[in-house]
Amino acid sequence: MNLQRIWTRGAIYLILLAFAAFYAMPIYVLIITGLKPFTDVNVTRMWELPKGLYFESFTQAWTLVAPNFKNSVMITVPAALISSMIGSINGYIFAKWRFKGADTLFILFLVGMFLPYQGILIPLVLTLQFFHLYGTLPGLILTHCIFGIPITALLFRSYYAGIPNELLDAGKIDGCGFFGLYRWILLPISMPAFAVVLLWQFTTIWNDYLIGLVVLSNPVMAPVNVAVKNVAGSYSVDWNVQMAAALIAAAPTILVYLSLGKLFMRGLLAGSLKG
Amino acid sequence: MAASPQTITRRPRWRRWLRTDMALAFLVILPSIIAVAIFIYGFIGWTFYISMTDWKSSVVDFTFVGLKNWIRLVGDRRFQIDLRNLLFYAIGFMTQCIVIGFILASLLDQKIKGEALFRTLFIFPFAVSGIVTGVTWNWLMQPATGINLLFANIGMEWFRPNWASDLRYGIWAVSIAAAWQFSGYVMALYLAGLRGIPNELREAASIDGAGTWGIYRYIIIPLLMPVTFTAMVLTGMNAIRVFDVVAALGGPGPGNNIDTLALNMYQTTFNAYRFSLGAAIGSVMLLLALFLVIPYLRSLQLETER
């Protein structure tokens with residue numbers, strides 16, 4: 001019995017380690033290839049560690065994607081902040097002010113979360129052109145904010161739904177109205193929800209490719225993921241530079257994930273509608 | 001707020017309503033409602049309309065031509081390849097995500113030392129963009145090196161697939177890269193589901209003589225059906241709209257071997273300026289997605305009403 005138990009435990013760890021190796025493999029290759037100089041990037045020695053630490057690939061990649069990296073910061077930070085604020089007030093209303101039809105409306109919001117953007121891209125371009133926002137950063141920020149309305153409302157709604165109504169009733173007795181309840185009761189205890197939503201929106205918007213590609217058609221203005229794709233797509237760029245560029249583009253979300261993994265998990269679960 | 005004394009003044013009901021906090025709530029959410037109504041629902045209708053016009057250059061042309069583009073699309077070779085690829089990709093991607101996700105979650109649920117570390121690693125790819133995923137796997141899947149080199153090193157030189165550049169099986173290779181990115185998410189869903197199953201249930205089953213397999217077969221897997229359903233919808237939705245991973249892996253590839261509806265739509269519209277045809281492809285994607293979303297949301301609604 002005991003021996004069998006040891007065998008099963010061993011097998012479980014072995015399988016887990018095998019999967020761990022599979023998941024780590026691309027990350028390993030990404031890092032070691034990025035750290036190699038061009039002369040060491042060889043198809044027969046792909047898996048070997050670099051002979052030293054060479055950062056020339058990174059400096060080379062950085063000159064290629066730096067402007068786009070800055071664009072991504074300028075898009076992602078305001079878009080994540082604004083959409084979180086919109087989501088907070090919408091979630092408050094969906095959770096605590098259920099006017100007639102609010103639940104149906106909420107379901108209709110959620111549908112928007114799932115639809116493929118290809119189904120709305122052409123009208124989006126026409127509309128942005130009409131308002132002279134096409135090809136501009138504000139236009140892309142606006143688009144991300146609007147497409148973020150469903151998910152942010154969902155995340156905040158489930159957070160606020162867990163806050164007892166008695167708390168709000170007490171506020172009402174003290175004379176708080178719609179805004180007062182939000183400002184003085186809910187907002188001060190909303191920080192955990194804000195953290196989850198900000199993190200979620202930051203990751204989603206930073207990692208976006210399609211909307212950035214379409215709305216900012218000019219490669220100079222494009223966000224960093226579009227630039228990385230262009231770098232990788234041109235045959236003149238070497239593997240080490242490609243990997244370094246990919247790592248630069250991935251760094252912000254990786255750092256955020258590694259430092260705030262718990263919050264990320266919470267967003268992950270709530271984002272599937274089942275908390 | 002209590003507004004009952006004012007009823008005496010006999011204002012019309014809607015004007016009384018306007019003075020309430022409920023009205024204020026509605027007014028505050030109204031801009032969001034309008035934005036969703038226009039940018040999602042309005043645009044969906046608009047896309048369907050464009051798919052029935054004759055807009056095929058950089059000059060907007062809204063001449064109504066009925067189902068002309070749709071008929072053209074049905075006979076289009078590339079579109080047919082896309083549907084075939086969607087089928088294969090969906091099967092490969094969904095199976096990998098759900099099977100691997102379930103296995104990993106079940107293993108991690110066995111009081112594992114270093115569980116947090118494993119979990120962090122498995123979910124890690126989900127924090128990385130589809131472009132970075134595609135670019136990295138493109139390097140790993142180079143026929144002359146990468147994974148094939150690993151196989152050669154363990155004495156399996158005969159196993160040298162062309163991965164994403166394989167004319168027949170390329171789309172399966174894409175599904176591996178995409179599943180690497182997404183399966184950790186499915187694992188997280190299953191893990192949360194497993195943690196929600198009370199231990200008494202398992203204990204009761206094992207007292208009744210059920211072994212590990214029996215517990216999984218008759219208790220855990222049936223109880224996790226809602227999670228599986230969620231995972232199927234989420235992965236299915238992802239299969240319909242897969243774009244960035246494919247683009248970074250060199251899509252549409254030789255002979256459109258790894259082409260997808262999303263890539264076809266983008267290129268048809270924004271590279272070839274065949275807007276109406278692109279809108280028709282986009283509409284097909286919307287219809288496929290609605291096919292998945294509506295039963296899902298219906299199930300959620302039933303759940304909340306219960």
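To the nearest 0.05, what FRET efficiency results for B:Y218 and A:D103 with a Förster distance of 45 Å applied to their C-beta separation? Between B:Y218 and A:D103 the formula returns 0.80.
Stretched out straight at 0.36 nm per residue, the stretch from B:L167 to B:L150 would grow longer than its current Cα-Cα span by 3.9 nm.
Peptide packing: for A:54-60, B:128-134, the average count of neighbouring Cβ atoms within 10 Å per residue gives the ranking B:128-134, A:54-60, highest mean first.
With r as the distance between the Cβ atoms of B:D54 and B:D109 and R0 = 56 Å, compute the FRET efficiency 1/(1 + (r/R0)^6) and round to 0.05.
Here the calculated transfer efficiency is 0.45.
Pairs from the list A:K51/B:K111; A:K70/A:K262; A:K51/A:K262; A:K36/B:K111; A:K96/B:K111 with a Cα-Cα gap above 29 Å: A:K51/B:K111; A:K51/A:K262; A:K36/B:K111; A:K96/B:K111.
Between amide H atoms placed 1.01 Å from N, distances below 5 Å from B:T53 occur with B:V65, all of them 5 or more places distant or on a separate chain.
Between A:M85 and A:K172, the contour length at 0.36 nm per residue exceeds the Cα-Cα span by 29.0 nm. The alpha carbon centroids of region A:214-233 and region B:98-116 are separated by 37 Å. With contributions of -39500 (n - 2.57) from each DSSP H run of at least four residues, the per-residue ellipticity at 222 nm computed over the protein assembly as shown stands at -22000 deg cm²/dmol.
Neighbouring Cβ atoms from other chains, within 10 Å of the Cβ of residues in B:239-249, number 4 on average.
Listed from fewest to most Cβ neighbours within 10 Å, the set A:C176, B:C97, A:C145 follows the order A:C176, A:C145, B:C97.
Once you have a ≥ b ≥ c as the square roots of the Cα gyration tensor eigenvalues for chain B, tell me rounded if a/c is under 1.5, and otherwise prolate or oblate according to whether a/b is larger than b/c. Verdict is oblate for chain B. Remark: region A:80-93, residue by residue, has Karplus-estimated 3J(HN,Hα) of 5, 5, 5, 5, 5, 5, 4, x, 4, 5, 5, x, 4, 5 Hz, where x stands for each Gly or Pro and the curve is 6.51 cos²θ - 1.76 cosθ + 1.60 at θ = phi - 60°. Applying 1/(1 + (r/R0)^6) with r as the Cβ-Cβ distance of A:D40 and B:R77 and R0 = 45 angstrom yields a FRET efficiency of 0.55. Each label point was placed 7 Å from the Cα along the Cα-to-Cβ direction; for B:F64 and A:M191 their separation is 5.9 nm. Inter-chain Cβ neighbour count for A:217-230, averaged per residue, equals 2 (cutoff 10 Å, partner chain atoms only). State whether region A:62-271 is rounded, prolate or oblate according to the following rule on the C-alpha gyration tensor (a ≥ b ≥ c being the square roots of its eigenvalues): a/c under 1.5 gives rounded; otherwise a/b larger than b/c gives prolate, and the remaining case gives oblate. Taking the square roots of the gyration eigenvalues as a ≥ b ≥ c, region A:62-271 is prolate. Shape call for the protein assembly as shown from the C-alpha gyration tensor, a ≥ b ≥ c root eigenvalues: rounded (a/c under 1.5), prolate (a/b greater than b/c) or oblate? In terms of gyration-tensor shape, oblate. Using θ = phi - 60° in the Karplus curve 6.51 cos²θ - 1.76 cosθ + 1.60, the 3J(HN,Hα) couplings for region B:75-84 round to x, 6, 4, 4, 5, 5, 4, 4, 5, 4 Hz; x is entered for Gly and Pro.
Throughout, read-outs are computed from the coordinates displayed, never taken from laboratory work. Note that the structure is a prediction, hence the values are computed from the model and not measured. Every residue, glycine as well, gets a Cβ built from its backbone with ideal geometry; the counts of neighbours run over all protein chains shown.
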